[in-house]
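Read-outs: derived from the displayed coordinates by stated rules, not from any lab. Computed from a predicted structure; not experimentally measured. Because the Cβ atoms are built from the backbone with ideal geometry, glycine has one as well, and the counts that use them run over all protein chains shown.
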């Protein structure tokens with residue numbers, strides 16, 4: 001059974017009187033399998049958020065239909081197993097972290113000690129125990145994103161829809177969210193996330209689909225899509241100049257072609273995370 | 001619990017979820033600075049009625065107490081109506097636009113929550129806010145009346161003592177009559193009826209503000225519509241009398257709620273009887289109107305793209 005299934009899903013938005021319609025999504029057929037992390041990629045305005053809104057029945061399709069675990073998205077019951085994190089959420093500024101989760105928990109039928117236990121678990125999962133009694137007006141962007149993730153998980157849904165989950169979050173917060181997504185995958189959850197931050201999606205997604213101008217232009221498994229089967233990269237350490245000449249000679253002797261020889265570079269993100277991590281460890285030792 | 005039973009449990013309309021959203025709306029509103037400042041100002045204004053009542057002059061000495069109490073009643077009911085109106089409009093006009101702007105509406109409707117439950121919850125939260133505000137303002141109003149009554153009775157007794165000290169004639173029956181009259185004036189049960197009708201009027205005004213916010217995302221638009229309805233609503237009664245022969249005008253006027261019907265302050269001040277049956281009839285008119293407006297809001301909101 002697919003967690004999400006869409007057939008010829010089309011959405012046109014009316015632009016106002018005599019200004020025609022905007023085609024936001026064009027005959028999208030999508031199958032998100034249970035237990036996988038699926039990344040919906042695309043530039044701004046490509047139809048990612050519209051797709052999520054159609055899955056949640058926040059907007060009605062012009063044509064086509066959506067099913068969530070085989071239940072039509074137009075039925076309230078389809079949302080029993082969905083947790084949703086919108087892009088840049090703000091929530092209720094005057095509620096504390098714990099009150100926010102209590103509110104969403106109550107809406108999902110939780111109450112009493114079961115709910116209190118769930119709130120404790122979630123605050124622990126997203127690392128916000130220290131801010132449980134602080135009002136959300138005093139939360140940073142990264143903290144709001146985490147409380148957003150916690151509210152999406154409050155009723156232990158099988159499917160999570162995350163709209164740009166790492167947008168506007170610093171590299172450490174972003175890595176935390178990616179680690180959380182991987183943890184959710186280990187727990188057997190299905191995740192559909194939309195993003196335009198490609199490097200981040202690459203680390204967590206099993207499959208991706210690329211949308212442009214409302215149409216799916218590329219889809220497949222991440223590993224297969226990004227690996228170049230004709231090329232091979234070997235990384236060696238402490239190779240002397242004569243040694244290197246012999247390797248090049250060997251490559252040429254078997255009829256292969258040397259494309260490039262270079263020192264591998266780390267990513268700026270890894271460099272940043274390493275530096276901040278070292279600094280914090282150092283500060284910890286001084287304490 | 002199996003998944004199937006869970007599905008069955010969640011599909012139906014749930015008053016519990018409406019209540020949860022209503023309480024959340026009330027909490028959120030009551031923690032806002034604008035609400036607290038407005039309520040504080042209302043309480044100060046109501047508390048100042050006694051001070052202003054001293055400036056009623058040109059009356060016969062024995063009527064002073066009655067005139068002062070009438071002033072406080074008029075002032076108090078007016079303040080309840082005006083500040084209640086401000087709280088009802090400001091509290092309701094921002095509900096849905098804020099939900100959309102902060103994207104909280106997505107997180108709620110992404111849960112197994114019906115749109116009607118959301119709308120009714122938001123509206124009920126607004127009505128709860130009006131109720132709590134009116135209770136607080138009425139308590140201040142009541143305290144003000146009790147304080148004034150005590151002061152006026154004290155003055156009568158003081159006059160009696162002064163007259164006795166001067167060796168003049170003291171009419172004990174007259175004094176007792178004065179005290180009884182002051183107490184009856186201050187503890188007027190019609191005041192409760194007046195407050196009940198103000199509550200129904202404000203709940204109706206909140207419903208109209210909600211209706212505006214279901215099709216508009218602009219808070220300024222919602223507030224403007226609500227103010228216009230509030231002011232024209234108080235003129236409907238007069239307009240009906242003026243154009244009673246025009247069927248077209250009558251139909252048009254039927255669309256605007258007759259808010260003047262809810263105003264019984266004049267009768268209270270004049271000491272006219274206000275039967276409970278009249279209160280019930282006006283309240284029923286308010287509830288029917290209010291239910292129709294909420295139903296219309298649901299009709300628009302259920303198809304709105306968010």
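So for the range A:129-226, averaging the separation of alpha carbon pairs under 8 Å that are six or more residues apart and normalising by length, what relative contact order in percent results?
22
If R0 is 51 Å, what FRET efficiency do you get for residue B:285 and residue A:8 from their C-beta distance, rounded to 0.05?
With a Förster radius of 51 Å, E is 0.50.
Going 7 Å from the Cα of residue A:213 along its beta-carbon direction, which residues of the range A:1-41 have the amide nitrogen within less than 15 Å of the resulting point?
Within reach of a label on residue A:213: A:22-27.
Can you run the Rg to Rh ratio on the protein assembly as shown? Use alpha carbon positions and the Kirkwood inverse-distance Rh.
Rg divided by Rh gives 1.16.
What ranking do B:243, A:17, A:67, B:276 get, fewest neighbouring Cβ atoms within 10 angstrom at the top?
Ranking B:243, A:17, A:67, B:276 by Cβ neighbours within 10 Å, fewest first, gives A:17, B:276, B:243, A:67.
Using a Förster distance of 30 angstrom, determine the FRET efficiency expected from the C-beta separation of residue B:157 and residue B:37, and round it to 0.05.
0.15
Quote the relative contact order of chain A in percent (integer), defining contacts as alpha-carbon pairs under 8 Å separated by 6+ residues.
22
Average partner chain C-beta neighbours within 10 Å, per residue of A:99-107?
That average works out to 5.
Angle between the Cα long axis of helix A:171-186 and the longest principal axis of chain A, 0 to 90 degrees, nearest 10?
Roughly 80 degrees between the two axes.
Kindly state, as a whole number, the per residue volume in cubic angstrom of the convex hull around the alpha carbon atoms of chain B.
About 186 Å³ per residue, rounded to a whole number.
If each residue of separation counts as 0.36 nm, what is the full-extension length gain between residue A:172 and residue A:137 once their alpha-carbon separation is subtracted?
Residue separation times 0.36 nm, minus the Cα-Cα distance, leaves 10.4 nm.
Between the helical axis of A:97-107 and the dominant principal axis of chain A, each derived from Cα atoms, what acute angle in degrees is found, rounded to the nearest 10?
Helix A:97-107 and the main axis of chain A meet at about 60 degrees.
Restricting to Cα atoms and excluding each atom paired with itself, what does the Kirkwood estimate give for the range A:55-98 in Å?
12.6
Of A:205, B:252, how do they rank once you tally other Cβ atoms within 10 Å and put the fewest first?
The order, fewest Cβ neighbours first, is B:252, A:205.
Please give the FRET efficiency for residue A:279 paired with residue A:223, using the beta carbon to beta carbon distance and R0 = 35 Å, rounded to the nearest 0.05.
0.55
Gap in Å between the Cα centre of the range A:38-78 and the Cα centre of the range A:203-250?
Result: 32 Å between the Cα centres.
For chain A, modelled as a Gaussian network with Cα springs under 10 Å, which listed residue fluctuates most, A:71, A:100, A:267?
Of the options given, A:267 has the highest mean-square fluctuation.
List the relative contact order of chain B as a percent without decimals, with contacts defined as Cα pairs under 8 Å and 6+ residues apart.
RCO, chain B: 24 percent.
Tell me what chain B gives for mean residue ellipticity at 222 nm when only DSSP H runs of n ≥ 4 count, each as -39,500 (n - 2.57), the sum divided by the residue total, rounded to 500 deg cm²/dmol.
About -27000 deg cm²/dmol.
What's the exposure ranking of A:85, B:187, going from fewest to most Cβ atoms within 10 Å?
Listing A:85, B:187 from fewest to most nearby Cβ atoms yields B:187, A:85.
Throw me the Rg/Rh for the range A:2-226, computed over C-alpha atoms with Kirkwood Rh, two decimals.
Rg/Rh for the range A:2-226 comes to 0.97.
Taking only the alpha-carbon positions of the range B:194-296 and ignoring solvent, what does the Debye formula give for the base-10 log of I(q)/I(0) at q = 0.10, 0.14, 0.21, 0.25 Å⁻¹?
-0.31, -0.60, -1.16, -1.34
Using only the alpha-carbon atoms, how far is helix B:64-93 inclined from the longest principal axis of chain B? Give it as 0 to 90 degrees, nearest 10.
Orientation of helix B:64-93: about 10 degrees from the principal axis.
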